[in-house]
Structures are given as structure tokens and as C-alpha cells.
Amino acid sequence: VTVEATDEDDKTCDDTDEYVLPTGTPSPTPQPTPAPTPAPTPEPTPAPTPAPTPAPTPEPTPLCVIDVEITCFGSTEDGSVVECMDIPTGEEAEECEVVVEYCYVITNDGTDPQTVASLIVDRDGITRELVSEVDPNPIDASASVEVCETVEHEVCEGFVFITTVTVEATDEDDKTCDDTDEYVLPTGTPSPTPQPTPAPTPAPTPEPTPAPTPAPTPAPTPEPTPLCVIDVEITCFGSTEDGSVVECMDIPTGEEAEECEVVVEYCYVITNDGTDPQTVASLIVDRDGITRELVSEVDPNPIDASASVEVCETVEHEVCEGFVFITTVTVEATD
């Protein structure tokens, strides 16, 4: 008997067996010729596996990141250009009135073009808005723009000149970002006034009886130097379920919140710490990237010396989801 079989992969196999039953001397029986064994069936070639399709590359999230840096250079008597910190001052000064150049380097560290909305320079309490000098504006991603100005400093009297620059920019999605830098230029100790050499003391002459000494005439009180100094402070209050008015930091939030939507009141207290009346030119409030100009709410304006004005607004906050609310206020005034 011959059996032939195939498996699930179409491979072929076979086998043969024989049983001989003798019954005496038989007539010679011709032996059957065994069937030929068929050749094995070749295995099919598997289809090639296609390469995996790569996942799409996500679009980058736009970022609004602005940077500003102050540089300062001047020249020495021999014409060398040096960093302002290396200009001779005080007793070593070559001349007392020196002209230096301050430059404000604005760099777009974000992913999209950014428009500079404000470039405010403050030097010793005097502020200037230089945004009109920014060119080009908008600034492309990874590009920089430099705005420069020349300033004359008195370097013999030991003054310290403090320059602060603040830049604010917006991207194409109206996201807002800002940065600040400060440059402090000390000018050393003034030269000491030489003391005269005392003349030799003559022999004492008997003194006549002195006439009564009249009372000294007091020196006139010098007029105070006018100062432009403005201060602003934020306060925030809300109420609890029982009607108590509390500071916003004490309002229950998260799992302890009495309700998720709460109304709070932000107040911006502007104080004139200068010597003369000051006019508030700008009162900008930024809350989580959204800015508002509230100078029209300042009343009275100008503000008398040592007086304060309060500008308030109500805001609704969601206090159950763990959000952080950041409020910044900037005031600019002139005397």
C-alpha cells in the first residue's frame, strides 16, 4: 500500500508498506513495479512585507519669546573704543564729561515673526519710548535688531548711572511676551579736595575784649531737586460663601472651593513719591498675556506729590481646575 499526503504549507510526503501472505509454493507472481515518488512541490515565495508608513510630523507649537540686552561703549583719550565699565572715572578720569553709546539688542527667540509693541528705556528715573526706532519691525524668528542712542555722563563726581530697558512684543497669534535688562555704570570716587598747608602760628597777641558776637545769619535753605518717582501696587480681594471679604490668596480653591466661578476685584494703587505733581501717561495691565490700557480710569490726573489714586476692576476666575492667574501692571508718568 502507498499513501501520499500534504500539510497546511502544501508540503508533500508519502510512504509504502507491503504484506506477504504465503500459501504454499505459488506460481511465480510478477512483482508490481512501485509507483515513482513525485518530486517535492517547491514552497511559494512569500510576498515582500511593505515598509511601515511613518507617523506625520506634528506642526511645532508657535512660541512668543523676546530677548533684550544692553551694551555700552565709549572712547578713551587715545581714541580706543572700550566697554563703558573700562572708561577711566573718578580720580583716574581723563575728562569729566564723556559721551557713551548705549545700544539695545532685541532678539526674536520665538518660532514666528514678532512685532515689537513697546521699547521703554529708563535712565535714573527718566523714561523714553523708542519703539519707533526698531527697524525692521516685525522681527523674523532668530533675527536681531539694534537700537542705539548717545548719552553724556559726568564721571568725576562718583555718580552711579542705572539704565533699564523693557521690550514687549506680540506674535502672529497675538501672544504677548516681554523681557527686561539693566546696566549699572558706577563712576568711581571723586578726587579729594586738597587741604591748604597751614601758615606758621605767630606768637599770641593779647586779645582785646571782644565785642559781642552777633547771631550768625542762617544759610538759605536750598531748593529741593525735583524728583519724578512713581509707585504702583496691586491688591486683590474677593468674598467667601458667608459674605466675608478676604484677600484673594485666602479664597478657597481646588477641592476646598465653595464654588468654581468666583468674582474678585483687582485694584492698582498709584502713588506719587516725587516732589512735584505727576501726570500718568500709561497704565497697562497684563493678565495671562491679555493687555489693557486703563490710563483713562486714573482720576485725578495729574497726581499731587505724596498723593495716591486707585483704579479697580472686577474679574471672574475659575478656581477649581488648578489654573495660575498672573497679573502685571506697569505705570509710566511725567512730572
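Relative to the present Cα-Cα distance, how much length would full extension add between Glu149 and Ser282 at 0.36 nm per residue of separation?
Stretched out fully, the Glu149 to Ser282 stretch lengthens by 45.6 nm.
Can you put Phe237, Phe323 in order of accessible area, largest first, using a 1.4 Å probe?
Phe323, Phe237
Probe 1.4 Å, all protein chains in place: accessible area of Ser132 in Å², nearest 10?
Approximately 100 Å² of Ser132 is accessible to the 1.4 Å probe.
Set the Förster distance to 25 Å, then compute FRET efficiency between Ser244 and Val295 from the Cβ-Cβ distance, nearest 0.05.
FRET efficiency, Ser244 to Val295: 0.15.
Express in nm, to one decimal, how much length is gained between Ile234 and Glu265 on full extension, taking 0.36 nm for each residue of separation and deducting their alpha carbon distance.
Difference between extended and current length: 10.1 nm.
Testing the spin-label approximation: label points 7 Å from Cα along Cα→Cβ at Thr327 and Asp67. State their distance in nm.
It works out to 3.3 nm between the two label points.
So what is the accessible area of segment 57-110 per residue, in Å², with the probe set to 1.4 Å?
That works out to 57 Å² per residue.
The values are calculated or read from the model by the stated rules, or taken from the named source; none is laboratory data. The structure displayed is predicted, hence computed values, not measured ones. Ideal geometry is used to build each Cβ from the backbone, glycine not excepted, and the neighbour counts take in all protein chains shown. The protein model used for the area step is the full one, side chains on, heavy atoms only, and it has no ligands, DNA or RNA in it. Shrake-Rupley method; radii C 1.70, N 1.55, O 1.52, S 1.80 Å.
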